[in-house]
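Participant: Can you keep this structure in mind? I'll have questions shortly.
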Amino acid sequence: MADDTYHRRIDVLAIGLFGLAVGALTLGVAQLGYIPEKDRIGTLVIALLFGGIVQILAGITDIRYHEQLGGTALTMYGFFWTTVCTAKLVSASTTFQLSMVLYAPINFVYFIFSAVMVYLTAFRNTALCILHAVITVTFFTTFLARLDILTETIPGILHILVGFLAFYHAVGSLTASFTNRELLPLGPPLLRHKSGR
């Protein structure tokens, strides 16, 4: 019995999603103007650590567990947060200001990546698929905001929604992993693999 507990795998996805929840909620609240501009550096540091580094570490661990889908998603989203936050920190702490258009290509590429993840996570569970659908829309609206077609309001609202959905899935998968009961339903897979016959 003690041996079974010792060999139980850690729910790494929950760790990564907790990081995403903190980063996305902080960024969304800032985009809606509820965090003052004077706290911009602090907002970027929180987003860098939780949205970036926590997800990268969780993703690397997931890869070591041979979880390609979770490992790919967590590391790639982590690198997105790390890259964008680092560039914005450099811009905010020097006289040299980077244009927001700089971030348009990376947001567009991640919009496509997230759309693929919607399809792939449909094989896992409903909640994860919905989370990636909202992430996809968030990247697209952020892309439009970088081109000055939209304001930061819609991406801000969507980042808050991403944060809540990530937190919901993290709590749901963590409690299911620990208690073997689904306290927060994550829903069935929306797609199923065809049998090899």
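The values are calculated or read from the model by the stated rules, or taken from the named source; none is laboratory data. This is a predicted model, so every value here is computed, not measured. Please note: Cβ atoms are built from the backbone with ideal geometry, for glycine as well, and neighbour counts cover all protein chains shown.
Participant: Here are some residues: 136, 75. Which one is within 27 Å of residue 194 (Cα to Cα), β-branched (Val, Ile, Thr), modelled with pLDDT of 95 or more and under 12 Å from the mean Cα position of the chain (by Cα)?
Facilitator: 136
Participant: So which of 58, 47 ends up being crowded, with 16+ Cβ neighbours inside 10 Å, closer than 17 Å to residue 169 by Cβ, within 14 Å of the chain's Cα centre (by Cα) and aliphatic (A, V, I, L, M)?
Facilitator: Working: 47 fails: closer than 17 Å to residue 169 by Cβ.
Unique residue meeting the criteria: 58.
Participant: Could you tell me whether residue 161 is in contact with a Ser or Thr (Cβ under 9 Å, 6 or more places away or on another chain), at pLDDT 95 or above and assigned to a helix (DSSP H, G or I)?
Facilitator: yes
Participant: Can we say residue 116 is surrounded by fewer than 14 Cβ atoms within 10 Å (Cβ to Cβ) and either over 18 Å from residue 139 (Cα atoms) or at pLDDT below 95 (or both)?
Facilitator: Numbers: surrounded by fewer than 14 Cβ atoms within 10 Å (Cβ to Cβ): yes; either over 18 Å from residue 139 (Cα atoms) or at pLDDT below 95 (or both): no.
No, not satisfied.
Participant: Can you pull out every residue in region 117-126 that is assigned to a helix (DSSP H, G or I) and either in contact with a Lys or Arg (Cβ under 6 Å, 6 or more places away or on another chain) or over 22 Å from residue 163 (Cβ atoms) (or both)? It would help to see each step written out before you state the result.
Facilitator: Step one: list which residues in region 117-126 are assigned to a helix (DSSP H, G or I), which gives 117-121, 126.
Selection gives 119 alone.
Participant: Do you know which residues across region 34-44 are surrounded by fewer than 16 Cβ atoms within 10 Å (Cβ to Cβ) and part of a helix (DSSP H, G or I)? I'd like the intermediate steps shown before the answer.
Facilitator: Here is the first cut: in region 34-44, the ones surrounded by fewer than 16 Cβ atoms within 10 Å (Cβ to Cβ) are 34, 36-42.
Across region 34-44, the qualifying residues are 37, 38, 39, 40, 41, 42.
Participant: Oh, and also: Take the conditions surrounded by fewer than 13 Cβ atoms within 10 Å (Cβ to Cβ) and either in contact with a Lys or Arg (Cβ under 8 Å, 6 or more places away or on another chain) or at pLDDT below 95 (or both) and apply them to residue 100. Does it pass?
Facilitator: On the way: surrounded by fewer than 13 Cβ atoms within 10 Å (Cβ to Cβ): no; either in contact with a Lys or Arg (Cβ under 8 Å, 6 or more places away or on another chain) or at pLDDT below 95 (or both): yes.
No; evaluated as a whole, the condition is false for this residue.
Participant: Exactly one condition in (1) more than 19 Å from residue 109 (Cβ to Cβ); (2) in a helix (DSSP H, G or I) is not met by residue 80; state its number.
Facilitator: Only one criterion in (1) more than 19 Å from residue 109 (Cβ to Cβ); (2) in a helix (DSSP H, G or I) is unmet by residue 80, namely (1).
Participant: If you don't mind, there's one more thing I want to ask. Taking region 162-179 as the region of interest, how many residues are under 14 Å from the mean Cα position of the chain (by Cα) and free of Cβ contacts under 8 Å to residues at least 40 places away in the same chain? Lay out the reasoning, then the answer.
Facilitator: Here is the first cut: in region 162-179, the residues under 14 Å from the mean Cα position of the chain (by Cα) are 162-170.
Those left that are additionally free of Cβ contacts under 8 Å to residues at least 40 places away in the same chain: 165.
Within region 162-179, residues that are under 14 Å from the mean Cα position of the chain (by Cα) and free of Cβ contacts under 8 Å to residues at least 40 places away in the same chain number 1.
Participant: Pairs, please: C-beta under 8 Å, at least 6 apart or cross-chain, first residue over 22 Å from residue 13 (Cα atoms) and in region 74-100, second among the polar types (S, T, N, Q) and surrounded by fewer than 16 Cβ atoms within 10 Å (Cβ to Cβ)?
Facilitator: 91/97
Participant: Report every pair of residues separated by at least 6 positions or lying on different chains whose Cβ atoms are under 9 Å apart, first residue within region 49-65 and outside any helix (DSSP H, G or I), second crowded, with 20+ Cβ neighbours inside 10 Å and not hydrophobic (A, V, I, L, M, F, W, C).
Facilitator: Partner pairs satisfying both residue conditions: 65/71.
Participant: In this structure, does residue 150 turn out to be of a type outside the set (Lys, Arg), surrounded by fewer than 19 Cβ atoms within 10 Å (Cβ to Cβ), in contact with a Phe, Trp or Tyr (Cβ under 8 Å, 6 or more places away or on another chain) and farther than 14 Å from residue 19 by Cα? Talk me through it step by step, then tell me what you get.
Facilitator: Numbers: of a type outside the set (Lys, Arg): yes; surrounded by fewer than 19 Cβ atoms within 10 Å (Cβ to Cβ): yes; in contact with a Phe, Trp or Tyr (Cβ under 8 Å, 6 or more places away or on another chain): no; farther than 14 Å from residue 19 by Cα: yes.
It is false that residue 150 is of a type outside the set (Lys, Arg), surrounded by fewer than 19 Cβ atoms within 10 Å (Cβ to Cβ), in contact with a Phe, Trp or Tyr (Cβ under 8 Å, 6 or more places away or on another chain) and farther than 14 Å from residue 19 by Cα.
Participant: Another question, if that's okay. If I ask for residues that are farther than 29 Å from residue 72 by Cα and assigned to a helix (DSSP H, G or I), which ones from region 86-112 would you list?
Facilitator: Matches in region 86-112: 92 only.
Participant: Answer yes or no as to whether residue 166 is in contact with a Pro (Cβ under 6 Å, 6 or more places away or on another chain), aliphatic (A, V, I, L, M) and crowded, with 21+ Cβ neighbours inside 10 Å. First the steps, then the outcome.
Facilitator: On the way: in contact with a Pro (Cβ under 6 Å, 6 or more places away or on another chain): no; aliphatic (A, V, I, L, M): yes; crowded, with 21+ Cβ neighbours inside 10 Å: yes.
Considered against the rule, which asks whether it is in contact with a Pro (Cβ under 6 Å, 6 or more places away or on another chain), aliphatic (A, V, I, L, M) and crowded, with 21+ Cβ neighbours inside 10 Å, residue 166 comes out as no.
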